[in-house]
Amino acid sequence: MRKVLDTVDQRTKLVGENRLELLLFRINSTQLFAINVFKVKEVVKLPPLSNLPGSNHNVYGVANIRGVSIPVINLREAIGFSPMPVTEDSNLIITEYNRSVQGFLVGKVENIVNMTWSDIMPPPKTSGGHNYLTAITKIEDQGQSRLVSIIDVEKVLAEIISYDVKLSDGVLDESLTSHMPGRKILVVDDSSTARKQVRDTLSKLGIEILEASDGLQALRLLQSWADKGQNVAEELLMMITDAEMPEMDGYKLTHEVRNDPRMAALFITLNTSLSGSFNQAMVKKVGCNEFISKFQPDLLVSVVQDRLRAILS
């Protein structure tokens, strides 16, 4: 299975072209699930696990991978199904999200598919706000169309790992607090959990948070303002966007904004769980102003304050 990911480093050329690759896997006999290849470090057969007393009930144990202890999450149980039994088909998908490494216990790992973000759709609104999907898509397999459910890993992790939005002492610049109320920031992210983390951090400072769940929705909003003659760069303190989203990713969104003279001056911050070194290069390529790796409330507020200082100076 390691061979499935041998060419991950070569796949970065897809990013910025509104394309992605999904790793398909099973956690039951009837459905296909997926996560983005860019967040996968490797896939291995499930090794022996050690118990972790007192851990979250979704943490199945700890795996030792080349001397590194990695918590293993029973993904099927974490998204509301019965716990995943261990069989000869059991695999471990090792991922890196928000600067943490964890493994997901899954069943059979199928293959990698290459898609465009326009093929990725949000879950139906009738599914409610408590599902564990960030998107859905369809693939053709042996002449049949099959539905693929893309897991909202950030939501899964948020229910296992406590994310504190409290700021450290000395981060908040008291001289700027009177200038924050009334300022607007557009937050673009397909994960409701990620949007909530940003909203909970910044709204308590008096900043008005506007939200969009994908890049196309955000672009249409900005274009509607521009069509009405509004100055987008003055209307918003900044736009904070995720990289990976249905319909249109954050890189394509940034490209479209930069190539529209009516909004090209908008300050854009990339906020993603993808690896920092990779995104620093993409920031320069597509024209973002800043990059923040999720989830760091101190850094988020610092970037907002720096932007406000630049406007006030």
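The values are calculated or read from the model by the stated rules, or taken from the named source; none is laboratory data. Everything numeric here is computed off the predicted structure, so don't read it as measured data. Note that each Cβ is placed from the backbone with ideal geometry, even for glycine, and that neighbours are counted across all protein chains shown. The protein model used for the area step is the full one, side chains on, heavy atoms only, and it has no ligands, DNA or RNA in it. Shrake-Rupley method; radii C 1.70, N 1.55, O 1.52, S 1.80 Å.
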Would you mind finding the one in Gly143, Gly128 that is at pLDDT below 80 and under 21 Å from the mean Cα position of the chain (by Cα)? Gly128
Members of segment 291-313 that are among the hydroxyl-bearing types (Ser, Thr, Tyr) and not in a helix (DSSP H, G or I): Ser293, Ser313
Return yes when Leu157 is closer than 21 Å to Val44 by Cα, in contact with a strand residue (DSSP E or B) (Cβ under 8 Å, 6 or more places away or on another chain) and assigned to a helix (DSSP H, G or I) and no when it is not. yes
When restricted to Ala194, Ala218, the only residue open to solvent by less than 10 Å² (accessible area, probe 1.4 Å) and either over 16 Å from Gly287 (Cβ atoms) or touching a residue at least 60 places away in the same chain (Cβ under 8 Å) (or both) is Ala194
For the structure I just gave you, tell me whether Arg199 is open to solvent by 60 Å² or more (accessible area, probe 1.4 Å) and in contact (Cβ under 8 Å) with a residue 40 or more places away in the chain. no
Just to check your reading of the model, which residue among Leu219, Leu202 is more than 21 Å from Trp117 (Cβ to Cβ) and under 22 Å from the mean Cα position of the chain (by Cα)? Leu202
If only one of Asn259, Asn271, Asn289, Asn231 is touching a residue at least 12 places away in the same chain (Cβ under 8 Å), open to solvent by 60 Å² or more (accessible area, probe 1.4 Å) and at negative phi, which one is it? Asn289
Filter pass, Thr193 being in a strand (DSSP E or B) and of a type in the set (Val, Ile, Thr): no
Exactly one of (1) open to solvent by 50 Å² or more (accessible area, probe 1.4 Å); (2) more than 27 Å from Glu77 (Cα to Cα) is unmet by Arg146. Its number? (2)
Within segment 73-85, does at least one residue satisfy the condition of being in contact (Cβ under 8 Å) with a residue 60 or more places away in the chain and loosely packed, with under 15 Cβ neighbours inside 10 Å? no
Take the conditions in a helix (DSSP H, G or I) and basic (Lys, Arg) and apply them to Lys166. Does it pass? no
Scan segment 234-247 and tell me whether some residue there is part of a helix (DSSP H, G or I) and farther than 30 Å from Asn58 by Cα. yes
What's the total number of residues in segment 22-63 that are open to solvent by less than 20 Å² (accessible area, probe 1.4 Å) and assigned to a strand (DSSP E or B)? 14
Report every pair of residues separated by at least 6 positions or lying on different chains whose Cβ atoms are under 9 Å apart, first residue within segment 91-120 and at positive phi, second open to solvent by less than 10 Å² (accessible area, probe 1.4 Å) and assigned to a loop (DSSP other than H, G, I, E, B). Asn98/Ser273; Asn98/Lys294; Arg99/Ser273; Arg99/Lys294
Restricting attention to segment 86-115, report how many residues are open to solvent by less than 30 Å² (accessible area, probe 1.4 Å) and of a type in the set (Val, Ile, Thr). 6
Do the conditions hold for Asn64, that is, is it out of contact with any Lys or Arg (no Cβ under 8 Å at 6 or more places or on another chain) and either of a type outside the set (Phe, Trp, Tyr) or under 27 Å from Asn111 (Cβ atoms) (or both)? yes
Need the failing condition index for Ser118 against (1) in a strand (DSSP E or B); (2) under 17 Å from Ile35 (Cα atoms); (3) not charged (D, E, K, R), just the number. (1)
Given the condition of a type outside the set (A, V, I, L, M), free of Cβ contacts under 8 Å to residues at least 60 places away in the same chain and surrounded by fewer than 16 Cβ atoms within 10 Å (Cβ to Cβ), answer yes or no: does some residue in segment 237-248 qualify? no
